[in-house]
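Data block below; observations after.
The values are calculated or read from the model by the stated rules, or taken from the named source; none is laboratory data. Values in this document were obtained by computation on a predicted structure and should not be read as measured data. A quick note on method: Cβ atoms are made from the backbone with ideal geometry, for glycine too, and the neighbour counts reach across all protein chains shown. Only protein heavy atoms, including side chains, enter the accessible area calculation; ligands, DNA and RNA are left aside. Shrake-Rupley method; radii C 1.70, N 1.55, O 1.52, S 1.80 Å.
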Amino acid sequence: EYRLLRDPEFFGSVPEWVVRKSNAWINPVTDLARLLVARELVRTHPTAVWVDADVIIWAPDHLPLPTPRDAAFSSELWMERWPDGTLRFLDNVSNFVCAFSAQSLFLHAHISDVLTALREAPEPIKLGAAGTALLTRGYVPGAFDLVTGVANFSPVLTAAIAAGQKQDIEAFQGRLGGPLVAANLCLSHESRPFQGRAPVAQVLPRLVTALSRCHRPLWPTELVGAI
């Protein structure tokens, strides 16, 4: 069953103080909202699966929906640059695809941890305070399942693909565990400078067009020259 939640329903359970403190990024609000919605859905469904609106799935037949015994989050390889231009890679845990079972104990504990993190965070709340930063910092192997095959196309990776910087893309690709079937496009960065560099217009639409033509798992280097 697919549920599309309009904003009033999706954000309805988020405390007002969370919205007030999240005046620089909407992400902390949505990070909490997806958990609260999942908690309600698993009352009547065996599993609740969340997929960010800016995730493109070009090979759905190769991406089975996660059905964890407890919870599942996305394994994320994040690519950025140091000021001297060299690449930096971070192995993170993120929530752009996540899932929870009706028997999940992690979900209830995580909601409590998120509320505590948001309450203690200075205003304005940072981008990943209730999402990637919190999950990665508190990740204990075995605490939940990891969803693989879904990449996070950071602004640096997307720009490298658009510029045909194959060496940089190969460096990212070499750290992947296998080909990709979907990707988070990081639309929260679409109109914002990232690490001092302004976004390049029309790169993401061209990337979406190229990915939409694919129907099989692929490696990022296959996108060089496609956009």
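In the range 37-85, of all residues being over 15 Å from the mean Cα position of the chain (by Cα) and among the aromatic types (Phe, Trp, Tyr), the one that is least open to solvent (accessible area, probe 1.4 Å) corresponds to Trp58. Selection over the range 15-35 of residues that are buried (at least 19 other Cβ atoms within 10 Å of the Cβ) and at pLDDT 95 or above gives a count of 11. If you go through the range 138-151 and pick out every residue that is under 10 Å from Ala182 (Cα atoms), open to solvent by 10 Å² or more (accessible area, probe 1.4 Å) and part of a strand (DSSP E or B), you end up with 0. Restricting the first member to the range 122-141 and to residues that are among the hydrophobic types (A, V, I, L, M, F, W, C), and the second to residues that are exposed (fewer than 12 other Cβ atoms within 10 Å of the Cβ) and assigned to a loop (DSSP other than H, G, I, E, B), the beta-carbon pairs closer than 9 Å and six or more apart or on different chains are Ile125/Asn23. Just one of the numbered conditions (1) among the hydroxyl-bearing types (Ser, Thr, Tyr); (2) under 22 Å from Ile26 (Cβ atoms); (3) touching a strand residue (DSSP E or B) at 6+ places or on another chain (Cβ under 9 Å) is not true of Ser188: (3). Do we find a residue being closer than 28 Å to Arg175 by Cα and not aromatic (Phe, Trp, Tyr) anywhere in the range 42-50? Yes, because at least one residue in the range 42-50 is closer than 28 Å to Arg175 by Cα and not aromatic (Phe, Trp, Tyr). Selection within the range 120-137: residues that are within 25 Å of Arg81 (Cβ to Cβ) and in a helix (DSSP H, G or I). The member of this set that is least open to solvent (accessible area, probe 1.4 Å) is Leu135.
Residues checked against (1) out of contact with any Pro (no Cβ under 9 Å at 6 or more places or on another chain); (2) open to solvent by 80 Å² or more (accessible area, probe 1.4 Å); (3) not in a helix (DSSP H, G or I):
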position	(1), (2), (3)
Ile169	no, no, no
Gly178	no, no, yes
Ser188	yes, no, no
Arg192	no, yes, yes
Arg206	yes, yes, no
